[in-house]
1. Determine, yes or no, whether His102 is in a loop (DSSP other than H, G, I, E, B), at pLDDT 90 or above and not assigned by TED's automatic domain parsing to the domain that holds His229.
2. Looking for something under 30 Å from Val172 (Cα atoms), touching a residue at least 24 places away in the same chain (Cβ under 8 Å) and of a type in the set (A, V, I, L, M, F, W, C) - is there at least one such residue anywhere in segment 257-264?
3. Show me the helices (runs of 4 or more DSSP H) found entirely inside segment 1-49 where at least 3 residues are loosely packed, with under 12 Cβ neighbours inside 10 Å.
4. Just one of the numbered conditions (1) among the basic types (Lys, Arg); (2) surrounded by fewer than 12 Cβ atoms within 10 Å (Cβ to Cβ); (3) modelled with pLDDT of 90 or more is not true of Lys119; which one?
5. Output the number of residues of segment 230-262 satisfying the condition of being in a helix (DSSP H, G or I), among the small types (Gly, Ala, Ser) and buried (at least 18 other Cβ atoms within 10 Å of the Cβ).
6. I'm checking my understanding of the structure. Among residues of segment 172-194 that are touching a Leu at 6+ places or on another chain (Cβ under 7 Å) and acidic (Asp, Glu), which one is surrounded by the fewest Cβ atoms within 10 Å (Cβ to Cβ)?
7. So which residues in segment 264-277 are of a type outside the set (Val, Ile, Thr) and buried (at least 16 other Cβ atoms within 10 Å of the Cβ)?
8. Determine which member of the set Thr100, Thr77, Thr94 is surrounded by fewer than 13 Cβ atoms within 10 Å (Cβ to Cβ) and either within 30 Å of Cys326 (Cβ to Cβ) or not charged (D, E, K, R) (or both).
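The values are calculated or read from the model by the stated rules, or taken from the named source; none is laboratory data. Note that this is a predicted model, so its numbers are computed, not measured. Ideal geometry is used to build each Cβ from the backbone, glycine not excepted, and the neighbour counts take in all protein chains shown.
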Amino acid sequence: MSHGLVRRAKIVLLAAEGVSNTEIARKLHLSNPTVGIWRQRYLQHGLEGLHEELKPGRPRSISDERVAALIRKTLRTKPKDGTHWSVRSIAKVTRLSHMTVHRIWRAFGVQPHRQKSFKLSTDPFFVEKLRDIVGLYLSPPQNAVVLCVDEKSQIQALERSQPMLPLGLGYVEGVTHDYLRHGTTTLFAALDIVNGSVLAECKQRHRHQEYLGFLKTIELNVPAKLDIHIVVDNYATHSHASVKRWLALHPRWHVHHTPTYASWLNQVEIFFNLITQQAIRRGTFKSVKELVARIEQYIAQYNRHPKPFMWTATADSILTKIERLCQSISVTEH
């Protein structure tokens with residue numbers, strides 16, 4: 001019930017008790033004319049009179065047919081001189097104002113200027129690998145640790161050519177568009193899906209030697225009584241003969257490969273996005289050593305209060321979404 005309706009009901013109830021308009025206005029913090037109007041409305045129309053009347057307004061000038069035609073044209077056609085319609089280009093063609101087009105697009109959630117990227121996996125064992133990895137996330141094995149492992153290669157130590165302009169009232173932080181390059185590093189990371197902590201090392205290169213060295217670091221940091229399950233992608237260094245030979249000599253290790261073009265299944269990618277946005281992308285570094293120090297500082301701070309990423313999607317729900325995507329592609333092609 002609206003506040004206004006409650007207040008009008010109070011006017012009627014007080015009036016029924018014989019309270020004067022002036023006294024009602026004082027108690028409810030209203031003017032005398034307002035009290036008089038609602039008492040009169042009640043006498044004429046009863047309870048229905050206490051509801052707000054619909055206020056007349058200018059009738060709609062755009063018919064449903066023109067709205068539907070605009071949406072169809074937006075979704076099913078493209079301009080001759082462009083890849084997508086803009087508000088002004090389609091307004092010119094449909095003889096509507098650009099503000100009208102904007103309101104209609106916003107009402108229907110149509111955004112021709114935006115795109116979302118996707119990539120369907122071509123892995124013949126996609127379903128099996130998906131169920132295997134999602135099963136690890138939703139029901140981790142007992143007496144084992146599950147680690148999402150990957151490397152973020154070619155992290156550049158970039159130094160802006162001029163000092164940054166600080167953030168201020170009314171304007172954003174300013175940076176030069178050009179920079180000096182001082183080399184690169186590769187960040188190897190293993191994310192524990194249960195507690196969210198990260199074990200990481202920075203190395204100069206990302207060959208199989210460095211990857212194997214990182215696996216040995218994991219081996220030293222995980223208690224010997226626990227099995228180790230790692231989720232990795234299909235990068236060649238992860239399946240090198242030397243790596244396979246080492247894994248064969250360490251039976252407590254179990255490798256789970258993500259399907260091709262499905263790196264989104266590896267939770268460590270979320271951590272890589274965080275460290276990129278919060279520590280690397282907007283930084284300026286005069287050397288690789290300075291870059292590595294910043295990365296290590298961020299990880300140390302991150303591990304003080306780690307939080308696991310809550311995975312809730314089941315394999316069936318993911319497959320259902322992929323099925324809908326495939327159906328959309330099929331409809332578009334035809």
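1. Numbers: in a loop (DSSP other than H, G, I, E, B): no; at pLDDT 90 or above: yes; not assigned by TED's automatic domain parsing to the domain that holds His229: yes.
The answer is no for His102.
2. Restricting attention to segment 257-264, the residues satisfying the condition of being under 30 Å from Val172 (Cα atoms) are none.
No, because not a single residue in segment 257-264 is under 30 Å from Val172 (Cα atoms), touching a residue at least 24 places away in the same chain (Cβ under 8 Å) and of a type in the set (A, V, I, L, M, F, W, C).
3. Values: elements: 3-16, 21-28, 32-45.
Ranges flagged: 3-16, 32-45.
4. Of the numbered conditions (1) among the basic types (Lys, Arg); (2) surrounded by fewer than 12 Cβ atoms within 10 Å (Cβ to Cβ); (3) modelled with pLDDT of 90 or more, the odd one out for Lys119 is (3).
5. Keep residues of segment 230-262 that are in a helix (DSSP H, G or I), which gives 236-239, 241-248.
In the following step, the residues that additionally are among the small types (Gly, Ala, Ser) were identified as 236, 239, 241-242, 248.
Filter once more, keeping what is buried (at least 18 other Cβ atoms within 10 Å of the Cβ): none.
Final tally of qualifying residues: 0.
6. Checking each candidate, the answer is Glu173.
7. Residues of segment 264-277 that are of a type outside the set (Val, Ile, Thr), as a first pass: 264-267, 269, 271-274, 277.
Listed by number, the residues that qualify are Leu265, Asn266, Gln267, Glu269, Phe271, Phe272.
8. Working: Thr100 fails: surrounded by fewer than 13 Cβ atoms within 10 Å (Cβ to Cβ); Thr94 fails: surrounded by fewer than 13 Cβ atoms within 10 Å (Cβ to Cβ).
One residue alone meets the criteria, Thr77.
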